[in-house]
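Asker: Below is a structure I'd like to ask you about.
What follows draws every value from the coordinates through simple rules; no lab data is involved. Remember, predicted model here, so these are calculated numbers, not experimental data. We place every Cβ from the backbone using ideal geometry, glycine too, and count neighbours over all the protein chains shown.
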């Protein structure tokens with residue numbers, strides 16, 4: 001998902017913590033737009049945010065028990081500051097902009113991704129027969145012609161996508177690769193998820209579906225029961241093959257045009273205490289909640305056993321997170337962007353498997369009787385092998 005950012009610029013942040021979902025939900029509920037969110041493991045999240053919202057985002061991170069660091073600063077404001085520090089570069093700026101404008105109309109780089117067995121040189125040569133060449137005008141590129149040329153000349157390629165990105169072209173390919181045999185015991189190949197079959201390649205067994213069929217999870221795709229002649233017992237084999245299908249995933253998000261509620265509003269106060277046999281004897285920090293509106297969190301840490309003897313000593317850490325009441329009136333575009341960001345995070349949290357993404361779209365979803373609520377749906381279409389072995 002791409003966000004819109006103004007002249008103030010935006011930054012790329014890396015968020016660390018065990019409550020990333022709470023961090024994202026609190027930020028979006030408070031009107032802080034995060035976009036291009038990408039998880040990296042269970043406790044790492046990359047995201048983009050407007051530079052002017054960083055101060056508010058620090059409060060959100062503190063409330064969620066997370067922390068973040070700035071990885072990159074982007075946008076006209078940051079770029080202009082760097083230029084003004086080196087004033088002698090300004091003289092060549094106009095000429096550079098003109099050169100960039102002229103050169104941006106041509107293709108200056110071609111990359112191949114996804115190939116393992118087929119050499120990149122062979123793919124580039126096949127693409128060249130479809131009209132793709134280094135230095136060609138961008139307007140002359142016909143993606144469909146290039147894709148057809150690659151598939152026609154290289155039968156090992158199951159799917160190819162052509163993406164024009166600035167002055168570069170990226171060729172994404174999927175090779176026809178068979179899964180490694182799991183065992184020689186009789187088995188079927190069944191669908192691990194719903195999908196629309198695009199290709200069936202059988203190396204052992206009997207095809208139970210064909211291209212164009214809609215299949216459900218658990219349905220037999222390649223049968224391990226192979227019929228013989230009339231009156232003969234069927235032959236049982238370990239079915240093998242490749243069943244590639246189009247699979248759809250969805251994520252939903254909602255935002256209100258008039259939002260009210262509570263949000264983090266400042267520093268976090270902490271109180272540390274030590275208890276022995278249930279009685280607190282040492283404490284550091286405020287004795288009670290110092291804020292009129294706050295959320296209180298308590299963590300108890302027990303000391304480890306010493307020579308298999310449990311010591312009745314505990315450390316009690318209390319966090320007072322300051323909150324404030326807020327009411328925010330949003331225009332329709334802002335509400336849609338916030339809802340779309342939540343839909344994207346909902347989709348990412350589902351951790352759909354890594355097929356090749358062939359299409360993605362965002363659409364509004366009507367909510368009867370909820371005029372104040374804007375709901376967005378994000379749909380991602382992938383092309384992936386949906387077959388798994390199931391013993392007979």
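Asker: If you split all Cα-Cα distances of the stretch 109-175 into 10 Å bins from zero, what percentages do you get per bin, shortest first?
Answerer: Going from the shortest bin to the longest, the percentages are 23, 62, 15, 0.
Asker: Calculate, for residue 281 and residue 16, the FRET efficiency according to 1/(1 + (r/R0)^6) with r their C-beta to C-beta distance and R0 45 Å; round to the nearest 0.05.
Answerer: 0.85
Asker: For residue 140 and residue 270, compute 0.36 nm times the residue count separating them, minus their Cα-Cα distance, and round to one decimal in nm.
Answerer: Working: separation 130, 0.36 × 130 = 46.80 nm, distance 6.31 nm.
In short, 40.5 nm is gained.
Asker: Something else about it: How many percent of DSSP beta bridges within the stretch 109-175 run antiparallel, rounded to 5?
Answerer: 60 percent
Asker: Taking 7 Å along the Cα-to-C-beta vector as the label spot, tell me the residue 331-residue 153 distance in nanometres, rounded to one decimal.
Answerer: 4.9 nm
Asker: Test of understanding: ordering 145, 53, 117 by Cβ neighbours within 10 Å, fewest first, what list do you get?
Answerer: 117, 145, 53
Asker: Can you give the extra length, in nm with one decimal, that the chain gains between residue 36 and residue 260 once fully stretched, where that is 0.36 nm per residue apart less the Cα-Cα distance?
Answerer: My answer for the length gained is 78.1 nm.
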